[in-house]
1. Quick check on this structure: which one of LEU42, LEU68 is over 19 Å from ALA191 (Cβ atoms) and modelled with pLDDT of 90 or more?
2. Looking only at region 24-45, which residues are surrounded by fewer than 16 Cβ atoms within 10 Å (Cβ to Cβ) and part of a helix (DSSP H, G or I)?
3. I need the full set of residues from region 165-200 which are assigned by TED's automatic domain parsing to the domain that holds ALA134 and farther than 15 Å from GLY142 by Cβ, in order please.
4. So which residues in region 65-89 are surrounded by fewer than 18 Cβ atoms within 10 Å (Cβ to Cβ) and either assigned to a helix (DSSP H, G or I) or aromatic (Phe, Trp, Tyr) (or both)?
5. Please give the number of the condition LEU204 fails out of (1) modelled with pLDDT under 90; (2) in a helix (DSSP H, G or I); (3) more than 18 Å from PHE92 (Cβ to Cβ).
6. For region 201-248, which positions are closer than 18 Å to PHE141 by Cα and touching a Gly at 6+ places or on another chain (Cβ under 8 Å)?
7. What are the residues in region 143-169 that are loosely packed, with under 12 Cβ neighbours inside 10 Å, more than 20 Å from TYR189 (Cα to Cα) and not hydrophobic (A, V, I, L, M, F, W, C), if any?
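The values are calculated or read from the model by the stated rules, or taken from the named source; none is laboratory data. Bear in mind the structure is a predicted one, so any value in this text is a computation, not a measurement. Ideal geometry is used to build each Cβ from the backbone, glycine not excepted, and the neighbour counts take in all protein chains shown.
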Amino acid sequence: MAPVLFTIPGLGWEVQAYGFMLAAALVAGWFLALRAAARRGLAVEPLGTNYVLAAASAVFAARAGFLLQHPDRFSGVRDLFVLAPGGLAPFFGAFVGLAVAAVLAGRRKIPVLRWFDCLASPAMLGVVLERIGAFLAGTGFGRYVDPTFPLAVRYPPDSPAYRYHRATLDMLLPQGAPASLPVHPSQLYGAALGALGVVLAWRLGRRTRPDGELFLLVAIYWLLARAFVEAWFRADAPPGVVGPLAPGQVAAAVLVLALAAVLVARRRAAKG
């Protein structure tokens, strides 16, 4: 855990790991998305502005969505602009960001689905960097695991995991313990899944496909990976409402079915 990456000499400003990795994800995404747009014959200049506005909207919406879900964390308007680790609603932010990108592209007569295809690989790279930032910040930590598990990690006393274990598993974690109980590195699982998504997007993108197909395939993959793989290992996973499935997993399953239906319909239309 390293919530502060470094301190700027002479100024004393601490650079937070999560904020730095999120910023790196947005900058890298901008570069990769515009390169992909150029290869696909899209106008790069207006899409640069499109990306910046859509990304800003996504981050703001993700923060606002989180505060709506956790009103106890809201103390004033300033909280909307604080990118606290573990304080974002990623699915809501992604939805708003894509909606803004679609509207702006449509106004410029830019093929929306082709632009979305350009965002598939950058989005997966962004997941990798964001999850690493979460790991360094100690947020979104995994559930308790046997100490002999080779990937188990422990967090220091000032970490969210330590405080959570003291509050819920105090019989296993005595007062003054030097570290938290062992947990799954769920953030790194998410980063690994994101890296697989980057490879998937690259492999799928090597073949000419109808506009939107690459985006749909990668979106389906990530919904399944995030909701049904990483989420199982997180300590903050909510209880099931439909059997073992939590609300977010149910919503992800419905969205996957909807995207799959759109994908099948577009393939049939392309063949026709």
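1. Numbers: LEU68 fails: modelled with pLDDT of 90 or more.
Every option except LEU42 fails the conditions.
2. Keep residues of region 24-45 that are surrounded by fewer than 16 Cβ atoms within 10 Å (Cβ to Cβ), which gives 27-28, 31, 35, 38-41, 43-45.
Those that are surrounded by fewer than 16 Cβ atoms within 10 Å (Cβ to Cβ) and part of a helix (DSSP H, G or I): VAL27, ALA28, PHE31, ARG35, ALA38, ARG39, VAL44, GLU45.
3. GLY194, ALA195, LEU196, GLY197, VAL198, VAL199, LEU200
4. Taking region 65-89 first, the residues surrounded by fewer than 18 Cβ atoms within 10 Å (Cβ to Cβ) are 68-84, 86-87.
Of everything in region 65-89, those that are surrounded by fewer than 18 Cβ atoms within 10 Å (Cβ to Cβ) and either assigned to a helix (DSSP H, G or I) or aromatic (Phe, Trp, Tyr) (or both) turn out to be LEU68, GLN69, PRO71, ASP72, ARG73, PHE74, VAL77, ARG78, ASP79, LEU80, PHE81.
5. Of (1) modelled with pLDDT under 90; (2) in a helix (DSSP H, G or I); (3) more than 18 Å from PHE92 (Cβ to Cβ), only one is false for LEU204: (1).
6. Quick first cut of region 201-248, residues closer than 18 Å to PHE141 by Cα only: 225-239, 246, 248.
Matches in region 201-248: ALA225, ARG226, ALA227, GLU230, ALA231, PHE233, ARG234, ALA235, ASP236, PRO238, ALA246.
7. Listed by number, the list holds a single entry, ASP158.
A quick yes/no check of all residues on (1) in contact (Cβ under 8 Å) with a residue 24 or more places away in the chain; (2) in the same structural domain as ALA231 (by TED's automatic domain parsing); (3) aromatic (Phe, Trp, Tyr):
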| residue | (1), (2), (3) |
| --- | --- |
| PHE20 | yes, yes, yes |
| TRP30 | yes, yes, yes |
| GLY76 | no, yes, no |
| LEU98 | yes, yes, no |
